[in-house]
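The values are calculated or read from the model by the stated rules, or taken from the named source; none is laboratory data. Since this is a predicted model, take the numbers as computed values, not measurements. Counting neighbours? That spans all protein chains shown, and the Cβs are built from the backbone with ideal geometry, glycine included. Areas reflect the complete protein model, heavy atoms only, side chains present, ligands, DNA and RNA absent. Shrake-Rupley method; radii C 1.70, N 1.55, O 1.52, S 1.80 Å.
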Amino acid sequence: MSETTEQSAFKADVLSGKTAIVTGASRGIGAAIAQKLCEVGANVVLCSRSADAVGQIADTLHGKGYTVLPMAADISEKADVETLIKKTISQFSHIDILVNNAGITRDMLLMRLKDEDWDAVLQTNLTGTMYCTRAVLRPMIRQRSGRIINISSVVGLAGNAGQANYAAAKAGIIGLTKATAKEVGARGITVNAIAPGFITTDMTAQIPEQSQQQLLELIPLREFGHPEDVAAAVCFLASDAARYITGQTLQVDGGMVM
Ligand code: NAI
């Protein structure tokens with residue numbers, strides 16, 4: 001989390017009293033989203049597979065005076081997701097915002113892609129997003145309000161060689177977003193996706209330097225994005241300013257895909 005997160009474009013109380021769940025909150029984009037939501041007043045449930053990793057982020061945010069609850073949960077496991085939702089309700093009594101951010105890659109050209117790597121990416125990135133979304137609908141419908149924000153990718157829009165599994169899952173998230181938006185719009189719930197481009201995190205750190213330079217040429221703004229750029233878009237979609245936006249995919253990609 002960089003210093004830029006401290007310079008919020010949003011009023012400090014824009015999500016005051018709201019409860020948010022952020023999956024994959026232990027590092028990278030998820031950690032930046034969690035911090036941003038805290039900065040604007042939300043209570044944040046930090047979810048990740050590793051209790052240690054999520055505990056460290058929770059300690060940092062707690063030290064800044066924010067209300068956070070760390071929860072070790074694997075979103076690809078239905079039982080874990082149900083426990084995550086139950087514990088959130090019992091701690092905060094409502095869930096206003098769900099950010100489906102957790103995701104993995106298992107890159108390989110399709111010809112050589114192993115079934116297990118297809119299954120793992122679809123199970124975490126798409127099915128896990130569905131599990132979390134389905135589980136929050138009942139409480140959100142009951143309270144007649146809610147914001148669901150799904151982190152897709154420009155790869156889900158444009159495709160990418162070596163990422164058939166990831167592209168399929170991220171495109172699937174966009175379809176899931178639209179279908180859910182149509183199902184629950186009348187209940188006061190909005191569902192939107194964000195499609196980040198190249199954001200500097202552990203996930204993209206593995207990309208060789210030469211490929212990174214080639215990618216830079218494809219980005220009109222000529223720089224990679226920061227986790228905080230995605231966090232700002234999440235904050236907007238979670239706020240009242242976005243009350244009339246649903247079923248959309250907001251690209252945060254420096255113009256990489258248009
Ligand atoms: P990252 O690899 O740095 O962090 C991923 C987070 O998800 C970690 O906290 C990890 O523990 C968690 N996670 C993974 N599997 C999980 C599971 N089964 N249950 C619970 N937590 C799990 O990734 P990064 O870069 O921060 O990406 C976050 C999201 O943004 C992902 O969905 C990714 O696909 C998406 N994205 C990232 C881009 C980038 O350039 N970094 C571009 C487009 C999308």
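Summary of computed values
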{"item": "Residue satisfying all of: in segment 91-103; near the ligand (Cβ under 10 Å from one of its atoms) and either open to solvent by 60 Å² or more (accessible area, probe 1.4 Å) or small (G, A, S) (or both); nearest to the chain's Cα centre (by Cα) among these", "result": "A102"}
{"item": "Residue in segment 20-29 that is buried (at least 18 other Cβ atoms within 10 Å of the Cβ), within 15 Å of the chain's Cα centre (by Cα), away from the ligand (no atom under 13 Å from the Cβ) and closer than 20 Å to L137 by Cβ present", "result": "yes"}
{"item": "Restricting segment 133-143 to residues that are out of contact with any His (no Cβ under 8 Å at 6 or more places or on another chain) and in contact (Cβ under 8 Å) with a residue 40 or more places away in the chain, the residue that is most open to solvent (accessible area, probe 1.4 Å)", "result": "I141"}
{"item": "Segment 131-178: number of residues that are among the hydrophobic types (A, V, I, L, M, F, W, C), touching a Gly at 6+ places or on another chain (Cβ under 9 Å) and within 21 Å of I21 (Cβ to Cβ)", "result": "8"}
{"item": "Residue that is in contact with a strand residue (DSSP E or B) (Cβ under 9 Å, 6 or more places away or on another chain), in contact (Cβ under 8 Å) with a residue 24 or more places away in the chain and either surrounded by fewer than 18 Cβ atoms within 10 Å (Cβ to Cβ) or closer than 26 Å to Q206 by Cα (or both), where the choices are T83, T124, T88, T67", "result": "T67"}
{"item": "Cross-chain or 6+ apart pairs with Cβ under 8 Å, segment 211-236 first and at positive phi, then within 12 Å of the ligand (Cβ to nearest atom)", "result": "R222/G254"}
{"item": "Segment 105-116, residues that are under 18 Å from T204 (Cα atoms) and surrounded by fewer than 18 Cβ atoms within 10 Å (Cβ to Cβ)", "result": "R106, D107, M108, L109"}
{"item": "Segment 160-193, residues that are of a type outside the set (S, T, N, Q), surrounded by fewer than 21 Cβ atoms within 10 Å (Cβ to Cβ) and outside any helix (DSSP H, G or I)", "result": "A161, G162, G188"}
{"item": "Considering residues of segment 38-96 that are acidic (D, E) and not in a helix (DSSP H, G or I) only, the residue nearest to S145 (Cα to Cα)", "result": "D96"}
{"item": "Candidates G146, G156, filtered to the one that is more than 11 Å from the ligand (Cβ to nearest atom), open to solvent by less than 30 Å² (accessible area, probe 1.4 Å) and small (G, A, S)", "result": "G146"}
{"item": "Within segment 185-227, tally of residues that are away from the ligand (no atom under 12 Å from the Cβ) and closer than 30 Å to M130 by Cα", "result": "8"}
{"item": "Residue list for segment 236-258, filter: part of a loop (DSSP other than H, G, I, E, B) and closer than 19 Å to G188 by Cα", "result": "S239, R243, Y244, I245, T246, G247, Q248"}
{"item": "Where a residue in segment 194-208 is in a helix (DSSP H, G or I) and its partner, wherever it lies, is near the ligand (Cβ under 6 Å from one of its atoms), with Cβ under 7 Å and at least six apart", "result": "D202/R27; D202/G28; M203/G28; T204/F198"}
{"item": "Unique match (being of a type in the set (K, R), within 14 Å of the ligand (Cβ to nearest atom) and out of contact with any Phe, Trp or Tyr (no Cβ under 6 Å at 6 or more places or on another chain)) among R112, R106", "result": "R106"}
